[in-house]
Amino acid sequence: MSIDRETMRYLGWWLAFGVLMCLLPLVVGTGTLRILIFAHFLAMFAMSWDFLSGRTGYISFGHPFLIGIAGYTTAILSFRFGVPIYYSIPAAVVATIVGGTLFFLPALRIRGTYFALVTLAFMEILYQLTKVVAPKITGGTRGMSGLESIVSGAVNNYYMSFGIMFVIGVVLWLLIRTRLGVALSAIRMNEEAVRSTGHSTTKLKLFAFSVSAAVSGVGGAFYVHYIGSIAPRGMFEINFLFTILVAALLGGAETIIGPIMGAYFLTVLLEYLRPVMPGMERYLLYGGIALVLYVVRPAGIYSLIADAGRKVQEWRR
Amino acid sequence: MALQILIQGFVLSGLYALIAVGFTMIFSVGRVLNLAYGVYIMLGGYIYYAALQEAGLPVFASFILAILAGVTFGLLTYLLLVRRLEDNPIAVEISTLILAVVMQALIVVIFGAAPKTMWPVIRGVLRFEGISVTMNILLATGVSWVVLGSLMAFVRYTHLGRAIRAVSMDRKGAVISGIEPSFISMVTWALSGAFGAIAGVFFATFTQLDSHMWVFPLIISVAVVIVGGIGSIVGSLIAAHIIGFVETITTTIIAAELRGVSTMLLIILVLLIRPKGLFGRAEL
């Protein structure tokens with residue numbers, strides 16, 4: 001990969017974004033920071049989804065399955081067996097990558113709409129199993145609470161979650177700009193054509209699945225230690241999947257930056273609507289927004305901003 | 001034990017066949033998976049409940065209202081959403097899933113989050129050799145057979161039905177013979193909404209009404225399509241029985257908690273071993 005001027009310019013934007021977000025705790029209160037922490041975790045999940053589904057076109061409806069594996073692994077290890085979190089979190093990430101490989105097996109044979117359904121089935125199976133199998137270890141329907149936290153206080157958690165998200169974002173973004181990223185996009189457009197150029201689509205897909213699973217694993221493990229509890233309901237729920245999907249789509253799939261914007265937009269919107277609409281009305285509203293935007297503008301908010309930026313540049317010329 | 005499995009299996013499979021038929025139709029004609037299909041079932045149940053138990057209308061009128069609601073919503077899904085995205089099955093899949101979650105929120109806003117219990121459509125229990133089956137679920141099985149039978153007669157012997165079959169076999173060929181596919185699609189979506197609503201009334205009396213109730217019937221429908229292959233009515237009937245019996249055997253012999261797991265494993269196994277379904281491709 002050669003670092004051209006465009007890449008440099010974008011890296012400048014990333015740097016500006018990083019500096020801005022690092023200065024934010026000086027200005028805003030802890031309440032806002034706690035909201036943003038959730039946005040960071042959602043952004044990690046949405047980027048993970050985007051790297052797999054936005055890139056390769058293998059639409060996953062089972063990301064909560066991956067996140068759940070990470071969450072349960074670290075929760076069980078640290079809570080039930082007293083393993084220090086320095087070991088349990090890496091173990092959770094490894095377990096998620098293994099889970100991602102499991103996810104990958106059906107992708108060898110099926111694609112398109114059926115693939116999404118299999119991943120949904122994976123999620124539902126894990127939902128049922130965590131409730132039934134070994135409830136003494138998983139905590140059954142009630143799950144586990146009182147998990148060890150990594151750092152305490154809103155400001156520390158803010159920096160930690162932002163740091164992880166920022167690193168993941170930059171790495172994934174650089175990755176999709178390499179030849180590898182181009183090859184992954186090509187799989188979405190025409191898998192047979194990629195195979196006929198002599199590339200192994202199996203290896204490429206396995207790579208995309210592993211990276212996506214690793215990101216979900218990191219996000220999921222840190223997430224459960226931040227909220228301090230885990231339960232099958234809430235984790236393996238269609239509403240959770242919906243939030244991830246909408247964040248990625250709303251922001252603009254295939255861009256990595258889009259899902260981050262989508263996550264911020266969604267979390268902040270949800271939070272400011274809370275006083276006006278306390279319950280399910282919010283889902284109604286933002287689901288409605290997402291639906292209209294998806295039908296009218298499938299490329300998402302990112303494309304709106306990019307278009308506006310291009311217009312401004314043209315106008316200045 | 002064997003008799004119990006046999007009776008429960010048949011009854012459950014009948015209900016599943018009724019649940020799945022509307023979903024299969026859309027897949028067969030339009031080649032898209034409508035993940036908002038579970039909503040028609042939920043809507044049918046809730047409208048029936050509101051008409052019968054809150055407004056005090058007679059059973060028959062409540063049924064008609066439920067079916068009308070299903071038809072309306074089916075048509076709206078097609079006209080406002082699916083028709084705009086029809087060339088892209090994945091976009092349809094994603095947008096109908098979002099629609100389903102939106103409708104789930106709407107149901108909570110209107111009816112509240114607390115589950116509601118529905119009266120059975122008919123009362124009474126039938127006892128036979130120590131096994132008891134409610135008349136309600138027997139009626140559901142009966143309705144299922146009648147609905148599927150008349151649907152089969154409809155697509156074989158009526159002009160409109162044959163046009164639907166033609167579109168499901170070969171869209172271009174149908175257009176050449178003077179069939180308007182967008183009209184046929186509208187008919188299919190309306191019928192699908194109606195079947196969903198009928199199934200919803202029985203499914204809701206079988207379990208209960210709550211805002212999450214759309215997920216399970218959707219999974220059953222998806223399983224029927226995957227196991228049975230692409231949308232033949234007989235194929236889905238057989239698939240519904242395979243799923244119903246596997247589930248009954250799992251829950252009676254292994255553990256009642258594994259109700260959903262067996263169906264999921266079946267979906268995954270069939271997709272891995274025979275991605276085209278057990279009975280391959282067939283027309284409606």
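Couple of notes before you dig in:
- Dipole magnitude of the protein assembly as shown about its Cα centre (Cβ charges: Lys, Arg +1; Asp, Glu -1), debye to nearest 20: 760
- At least 20 Å along the helix axis (C-alpha) and Kyte average at least -0.5, DSSP helices within chain B: B:2-30, B:59-76, B:89-111, B:135-157, B:181-206, B:233-249, B:259-273
- Computing FRET efficiency as 1/(1 + (r/R0)^6) for A:Arg195 and B:Ile64, where r is the C-beta to C-beta distance and R0 is 56 Å, gives about 0.55.
- Sites A:Asp307 and B:Leu272 - FRET efficiency at Förster radius 60 Å, r taken between beta-carbons, to 0.05: 0.90
- Neighbouring partner chain Cβ atoms per residue of B:77-87, average, 10 Å criterion: 1
- Sorting A:Tyr226, B:Tyr49, A:Tyr58 by the number of Cβ atoms found within 10 Å of their own Cβ, with the fewest placed first, yields A:Tyr226, B:Tyr49, A:Tyr58.
- Listing A:Glu124, A:Glu237 from fewest to most neighbouring C-beta atoms within 10 Å gives A:Glu237, A:Glu124.
- Global form of the stretch A:31-237, assessed from the alpha-carbon gyration tensor, a/c cut-off 1.5: oblate
- Cα-centred dipole magnitude for the stretch A:1-95, charges only on beta-carbon of K, R (+1) and D, E (-1), debye, nearest 20: 140
- Contact order normalised by residue count of chain B, Cα under 8 Å, 6+ apart, percent: 36
- Simple label model, 7 Å out from Cα along Cβ direction - A:Val268 to A:Thr202, nm: 4.6
- Spin-label model, A:Leu108 to B:Arg259: label points 7 Å out along the Cα-to-beta-carbon direction sit 3.5 nm apart.
- Local charge for B:Leu3 was computed over the other residues whose Cβ lies under 13 Å away, with Lys and Arg +1 and Asp and Glu -1, and equals 0.
- Of the DSSP H helices in chain A, those that are both long (alpha-carbon extent of 27 Å or more along the helix axis) and hydrophobic (Kyte-Doolittle mean at least -0.5) are A:5-27, A:30-49, A:85-107, A:113-132, A:154-176, A:201-227.
- Choice from B:Val143, B:Val92, B:Val175 showing the highest fluctuation, given a GNM over chain B with Cα pairs closer than 10 Å: B:Val175
- Zone residues, the stretch B:180-197, relative to B:His159, backbone N less than 14 Å from point 7 Å out along Cα-to-Cβ: B:180
- Hits among lysines - C-alpha to C-alpha of A:Lys203 under 27 Å, sequence gap 8 or more where chains match: B:Lys276
- Gyration tensor (alpha-carbon) shape descriptor, the stretch B:22-212, a/c threshold 1.5: oblate
- Distance between modelled label sites at B:Val175 and B:Ala113, nm, 7 Å Cα→Cβ extension: 4.8
- Shielding by partners for peptide B:105-112, expressed as the average number of C-beta atoms from other protein chains within 10 Å of each residue's C-beta, is 4.
- Net lengthening on full extension, A:Val155/A:Arg233 (0.36 nm per residue, minus Cα-Cα): 25.2 nm
- Using the Cβ-Cβ distance between A:Thr7 and B:Met186 with R0 set to 56 Å, the FRET efficiency works out to roughly 0.65.
- Working from Cα pairs under 8 Å separated by at least six residues, relative contact order for chain A is 30 percent.
- Fewest-first ranking of A:His199, A:His225, B:His241, B:His159, using other Cβ atoms within 10 Å as the exposure measure: B:His159, A:His199, B:His241, A:His225
The numbers here are math on the coordinates, done by the rules we state, and not lab data. Source: prediction; values computed, not measured. Note that each Cβ is placed from the backbone with ideal geometry, even for glycine, and that neighbours are counted across all protein chains shown.
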